[in-house]
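Input: a single structure, listed below in structure tokens.
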Amino acid sequence: MTAVSAAGSPVTRSASVPRHVAIVMDGNGRWARKRFMPRVFGHKFGMETVVKVIDDCASRGVEYLTVYAFSSENWKRPDEEVSGLMNLVLVGVSKYLQRLAKDGIRIKVAGDRSVVSEKVRQAWNEAEALTAKNTGLTLTVAFNYGGRWDIVQACKRALADGNPPELLSEDVLSRYMALAHAPDPDLFIRTGGEVRVSNFLLWQLAYAEFHFTDCLWPDFDVAELDKAIAAYASRDRRFGGVKEGAGPISTNGASA
Ligand code: FPP
């Protein structure tokens, strides 16, 4: 249970800290509207928040952080917003990749890269390649990602690999899912006040603990993260079973 902080020093994760946190970063548009600014302005600030949250998670010993940056359904947004989000990938990679790489962060991208532009695809490939050997927090950016897409692509690849359908199992399929490199999320956070999953990690969230907050994503800070982790620590995880003398995670020592 040893993670690496952004400063590169090892952090031992206590059992009350989730190993894997997955976040739906909602509320950027409303945050911008409140400031009479275009929606893309909110996404731009949202990206700065992602960078801070990576550090905050790493310093608490979180080993995996997965963020929903662009869903399969986000193509329905106005052209200006879609191209603004695509451009943010290029801006984000050129502004932060070197620093994240130096801090030991390993970057992975989950989603259908076949339909994004060559420039965006190259930026993601570069981020993954440069950080592939890092041993700190694994940041997975879900981009052009959908939970249903993920299940279908995993089935297709498993069958194409010659797995006989009658031998397909949860374990086999898990190896083909877009997050095969990570354990299932322990804690799911959604900001922005909506209480839904929106086609995020449908397979992987089976036993995650859910935390919803009205906080708009660009305002999400270390205090909000600590609130979410405290809520997680107060839960009694049974994974469908029964535990004698079950109590909250922080006192019974259970972890992912
Ligand atoms: C949902 O808020 C947010 C998104 C669809 C995009 C999230 C993207 C970022 C935070 C930028 C990070 C970028 C990278 C490349 C890591 P919304 O726009 O639906 O907000 P609203 O509900 O207030 O309209």
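Under 5 Å between amide hydrogens, built in the peptide plane, is the criterion, and for F188 it picks out A22, E209, F210, H211 among residues at least 5 positions away or on other chains. Once the Cα-Cα distance is subtracted from the 0.36 nm per residue extended length, the K34 to D214 segment shows a gain of 63.3 nm. Extension gain, V242 to K156: 0.36 nm times the residue separation minus the Cα-Cα distance gives 27.4 nm.
Karplus-based coupling profile of region 19-29, in residue order and whole Hz: 6, 10, 10, 10, 10, 8, 8, 9, x, 4, x, with θ = phi - 60° in 6.51 cos²θ - 1.76 cosθ + 1.60 and x standing for Gly or Pro.
For the pair region 107-131 and region 74-106, the centres of their Cα atoms are 10 angstrom apart.
To the nearest 0.05, what FRET efficiency results for N87 and E118 with a Förster distance of 22 Å applied to their C-beta separation?
On the way: r = 14 Å, r/R0 = 0.64.
Result of the calculation: an efficiency of 0.95.
Ligands, DNA and RNA left out, the accessible area of region 21-86 computed with a 1.4 Å probe is 58% carbon and sulfur.
Under 5 Å between amide hydrogens, built in the peptide plane, is the criterion, and for M25 it picks out Y68 among residues at least 5 positions away or on other chains. Sparse packing (at most 16 other Cβ atoms within 10 Å of the Cβ) combined with a DSSP loop state is found for the following trypsin sites (Lys or Arg not before Pro) in region 1-92: R35. Its convex hull of Cα atoms gives region 89-212 a direction-averaged projected area, equal to a quarter of the hull surface, of 9.0 nm². Nearest 5 percent is fine: what portion of the DSSP beta bridges confined to the chain is antiparallel? Here the share of antiparallel DSSP bridges comes out near 10 percent.
At 222 nm, what helix-only mean residue ellipticity would the chain give, in deg cm²/dmol to the nearest 500, using -39500 (n - 2.57) for each DSSP H run of four or more?
Result for the chain: -12500 deg cm²/dmol, rounded to the nearest 500.
If both residues of a DSSP beta bridge must be in region 1-126, then about 40% of such bridges are antiparallel.
Distant-in-sequence amide contacts of T140, defined by a placed amide H-H separation under 5 Å and a gap of 5 or more residues or a different chain, comprise L65, T66, V67, K108. In plain terms, if you count all Cα to Cα distances in the chain and split them into 10 Å steps from zero, the share in each step is 7, 29, 37, 21, 5, 0 percent.
Using C-alpha pairs under 8 Å with a sequence gap of at least 6, the mean separation divided by the residue count of the chain gives a relative contact order of 27 percent.
Residues in the chain average 48 Å² of solvent-accessible surface per residue, probe 1.4 Å, ligands and nucleic acids excluded.
Applying the criteria of a DSSP loop state and at most 13 other Cβ atoms within 10 Å to the chymotrypsin sites (Phe, Trp or Tyr not before Pro) of region 1-91 yields F36.
The 3J(HN,Hα) values that the Karplus relation (6.51, -1.76, 1.60; θ = phi - 60°) gives for region 30-37 are, in residue order, 5, 4, 5, 4, 4, 9, 6, 10 Hz. Gly and Pro appear as x. In this simple spin-label model, placing a label point 7 Å from the Cα along the Cα-to-Cβ direction at both A230 and K52 gives a separation of 1.8 nm.
The values are calculated or read from the model by the stated rules, or taken from the named source; none is laboratory data. All figures in this text were calculated on a predicted structure; none of them were measured in a lab. Here Cβ is always computed from backbone atoms with ideal geometry, including for glycine, and neighbour counts include all displayed protein chains. What goes into the accessible areas is simple: the full protein's heavy atoms, side chains included, and nothing from ligands, DNA or RNA. Shrake-Rupley method; radii C 1.70, N 1.55, O 1.52, S 1.80 Å.
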